[in-house]
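Laboratory data are not the source of any read-out in this text; all were calculated from the coordinates shown. In this text the structure is predicted, and so the values were computed from the model without any measurement.
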Amino acid sequence: MRVIMGMLHSISKTMDKLRSEFDRKENYPETKPEMREVLNIASEINAVMLRRNLRADVEEEWRLLRREVSVLASVYYLPGLRP
């Protein structure tokens, strides 16, 4: 569980960076590297979540977050996360 918590902390910081960079630049193409970083971390979390059986509420929260990350990825014309 510590591994997942560390990854969640990382994705939170990376999402903050993406938000900050987008607010500053207001340009999707210029913030694509930050979005790729979000996707890389989210992919790692997704791999762990798919391998483990966690509480239903944890899995539901991840499902919702995974969907939101995938929608955001589509704005950047990047592939989303696999369910």
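Summary of values
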item: Value of D in µm² per second that Stokes-Einstein yields for segment 2-75, Kirkwood Rh from Cα pairs, at 10 °C (1.306 mPa s); result: 123
item: Helix-derived mean residue ellipticity, 222 nm - over the chain, DSSP H n ≥ 4, -39500 (n - 2.57), to 500; result: -27000 deg cm²/dmol
item: Helix 56-75 axis, angle to the chain major axis (alpha carbon atoms, nearest 10°); result: 20
item: Computed lengthening from Asp16 to Arg82, 0.36 nm per intervening residue step minus Cα-Cα distance; result: 21.5 nm
item: Potential lengthening between Glu44 and Leu64 on full extension [0.36 nm per residue; Cα-Cα distance subtracted]; result: 5.6 nm
